[in-house]
């Protein structure tokens with residue numbers, strides 16, 4: 001659901017409808033703001049159970065695929081479970097009520113305060129997991145939240161909010177803490193929600209992100225995905241290929257963290273292609289590549305017929321037969337160009353992997369930098385290597401907020417049980433990606449912090465302490 005800022009005849013009734021939702025949310029939030037940390041944590045667990053209870057999880061996964069046609073049920077089951085469980089693990093024991101820090105030496109006490117009513121715009125690719133993640137984070141901060149789901153995801157979101165309402169009643173929390181815009185969700189209603197709430201968080205199209213930043217309300221948006229991974233000459237090729245396959249095919253590549261391009265150093269290029277083929281990848285020849293391109297971008301825009309579909313179905317849409325297409329896990333195309341004239345260099349939201357050949361590691365960096373100059377700047381880069389210094393080199397020089405080392409990228413970028421990133425389905429891309437944050441969206445973004453400053457021991461340096469060494473270095477003594 002993309003938005004523009006043009007007026008429409010329904011603006012006034014829409015404004016009233018949104019205002020009624022916001023008023024109910026504010027009343028509920030004023031009650032919730034009085035809850036203790038223990039009560040808040042009970043609410044958080046209750047909402048986590050609303051999506052993780054196995055029967056509910058399956059119902060949500062099945063509804064999501066039925067309504068959106070994106071991804072597959074079994075992977076959405078895993079996503080709903082793991083992402084929510086990981087988030088609950090991150091929040092366990094985290095202070096978000098009252099005094100959260102007291103530093104006597106500095107004389108500073110920090111107090112967590114709610115931001116108020118949050119407006120959350122969520123995508124069709126993850127119509128249960130993403131709203132649940134934002135709702136739990138918002139509730140951890142004693143906020144109310146109103147979801148604006150994508151039109152395709154509205155039915156799944158409605159089912160989720162019904163489960164959440166049951167659990168809120170169970171723990172004695174106000175029902176209007178969690179709401180969503182009524183169907184049909186219009187562009188004008190979403191924009192009006194952005195104007196009326198206290199903070200906006202947006203995951204989805206870049207048009208939505210820009211609209212949030214232009215709404216006049218404090219906003220957090222995330223950048224476009226177009227993840228590239230580098231495989232260097234030291235990588236364990238079999239492991240790298242397995243990780244790329246698991247990540248690229250998960251939920252039919254609905255994740256913005258799914259690999260879109262793999263850049264392979266020339267000395268291991270052919271061996272890595274064979275490793276990827278052993279994992280179920282089918283490499284297209286030039287004629288097949290052109291047929292696939294025509295099917296995926298028939299009018300210059302990615303076709304819904306291939307978005308988040310399984311590889312055999314995509315091959316069928318493109319008229320590709322034989323050569324293992326019926327059993328393909330993912331499709332591969334070799335590419336040398338980057339930019340609008342080379343659509344395979346962009347985000348594909350499907351199990352189609354673009355393969356680039358690099359002379360060496362430095363050339364691989366140059367290719368990724370050019371890819372991100374076209375699309376995906378700020379998001380993340382994957383690296384398969386046995387040289388830790390190369391990860392540091394990428395972190396010091398490349399336009400990316402996360403460097404994911406020797407991991408299945410889409411599982412690792414948004415937090416994993418075996419890395420230290422916060423569990424999230426919304427990855428900030430910093431100024432490279434036009435975002436206000438460069439980390440994974442988490443509960444701290446849903447807090448205001450009040451600081452009490454009391455006198456402490458003075459710490460005032462003298463002029464010589466501050467400038468003495470500097471003056472000597474520059475010949476000013």
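Check whether at least one residue in the range 422-430 is over 14 Å from the mean Cα position of the chain (by Cα) and either buried (at least 23 other Cβ atoms within 10 Å of the Cβ) or closer than 23 Å to residue 80 by Cβ (or both), and report yes or no.
Within the range 422-430, not a single residue is over 14 Å from the mean Cα position of the chain (by Cα) and either buried (at least 23 other Cβ atoms within 10 Å of the Cβ) or closer than 23 Å to residue 80 by Cβ (or both).
Are there any helices (runs of 4 or more DSSP H) wholly within the range 378-477 with 1 or more residues that are over 30 Å from residue 97 (Cα atoms), in the same structural domain as residue 251 (by TED's automatic domain parsing) and out of contact with any helix residue (DSSP H, G or I) (no Cβ under 9 Å at 6 or more places or on another chain), and if so which?
388-397
Is there a residue in the range 141-162 that is modelled with pLDDT of 95 or more, surrounded by fewer than 22 Cβ atoms within 10 Å (Cβ to Cβ), in contact with a strand residue (DSSP E or B) (Cβ under 9 Å, 6 or more places away or on another chain) and more than 11 Å from residue 446 (Cβ to Cβ)?
Taking every residue of the range 141-162 in turn, at least one turns out to be modelled with pLDDT of 95 or more, surrounded by fewer than 22 Cβ atoms within 10 Å (Cβ to Cβ), in contact with a strand residue (DSSP E or B) (Cβ under 9 Å, 6 or more places away or on another chain) and more than 11 Å from residue 446 (Cβ to Cβ).
Residues that are more than 30 Å from residue 459 (Cα to Cα) and within 24 Å of the chain's Cα centre (by Cα): which helices (runs of 4 or more DSSP H) entirely in the range 1-120 hold 1 or more of them? Explain how you work it out, then say what you get.
Working: elements: 11-32, 37-52, 54-68, 73-91.
So the answer is 37-52, 54-68, 73-91.
Going residue by residue through the range 181-200, is there one that turns out to be crowded, with 22+ Cβ neighbours inside 10 Å and either under 30 Å from residue 394 (Cβ atoms) or free of Cβ contacts under 8 Å to residues at least 40 places away in the same chain (or both)?
No, the range 181-200 contains no residue that is crowded, with 22+ Cβ neighbours inside 10 Å and either under 30 Å from residue 394 (Cβ atoms) or free of Cβ contacts under 8 Å to residues at least 40 places away in the same chain (or both).
Quick one: would you say residue 326 is over 16 Å from residue 353 (Cα atoms) and touching a residue at least 60 places away in the same chain (Cβ under 8 Å)? Don't jump to the end; show me each part of the working.
Details: over 16 Å from residue 353 (Cα atoms): yes; touching a residue at least 60 places away in the same chain (Cβ under 8 Å): no.
Taking the combined requirement at face value, the residue does not satisfy it.
Is at least one residue of the range 244-263 farther than 30 Å from residue 128 by Cα and either without any contact (Cβ under 8 Å) to a residue 60 or more places away in the chain or surrounded by 16 or more Cβ atoms within 10 Å (Cβ to Cβ) (or both)?
Yes: the range 244-263 contains one or more residues that are farther than 30 Å from residue 128 by Cα and either without any contact (Cβ under 8 Å) to a residue 60 or more places away in the chain or surrounded by 16 or more Cβ atoms within 10 Å (Cβ to Cβ) (or both).
Residues are listed down the side, and each one gets a yes or a no for (1) surrounded by 14 or more Cβ atoms within 10 Å (Cβ to Cβ); (2) out of contact with any strand residue (DSSP E or B) (no Cβ under 9 Å at 6 or more places or on another chain); (3) without any contact (Cβ under 8 Å) to a residue 40 or more places away in the chain:
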{"residue": "81", "(1), (2), (3)": "yes, yes, yes"}
{"residue": "97", "(1), (2), (3)": "yes, no, no"}
{"residue": "102", "(1), (2), (3)": "no, no, yes"}
{"residue": "111", "(1), (2), (3)": "yes, no, no"}
{"residue": "119", "(1), (2), (3)": "yes, no, no"}
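Assuming residue 396 fulfils every condition listed in (1) at negative phi; (2) in contact (Cβ under 8 Å) with a residue 24 or more places away in the chain apart from one, which condition is it?
(2) is the only condition that residue 396 fails.
Looking at this structure, is residue 351 in the same structural domain as residue 260 (by TED's automatic domain parsing), touching a helix residue (DSSP H, G or I) at 6+ places or on another chain (Cβ under 7 Å) and either surrounded by fewer than 24 Cβ atoms within 10 Å (Cβ to Cβ) or within 21 Å of residue 241 (Cα to Cα) (or both)?
When the stated conditions are applied, residue 351 passes them.
Has the range 136-147 got at least one residue that is under 19 Å from the mean Cα position of the chain (by Cα) and more than 30 Å from residue 18 (Cα to Cα)?
no
The values are calculated or read from the model by the stated rules, or taken from the named source; none is laboratory data. Note that the coordinates shown come from a computational prediction; the quantities given were computed from them, not determined experimentally. Because the Cβ atoms are built from the backbone with ideal geometry, glycine has one as well, and the counts that use them run over all protein chains shown.
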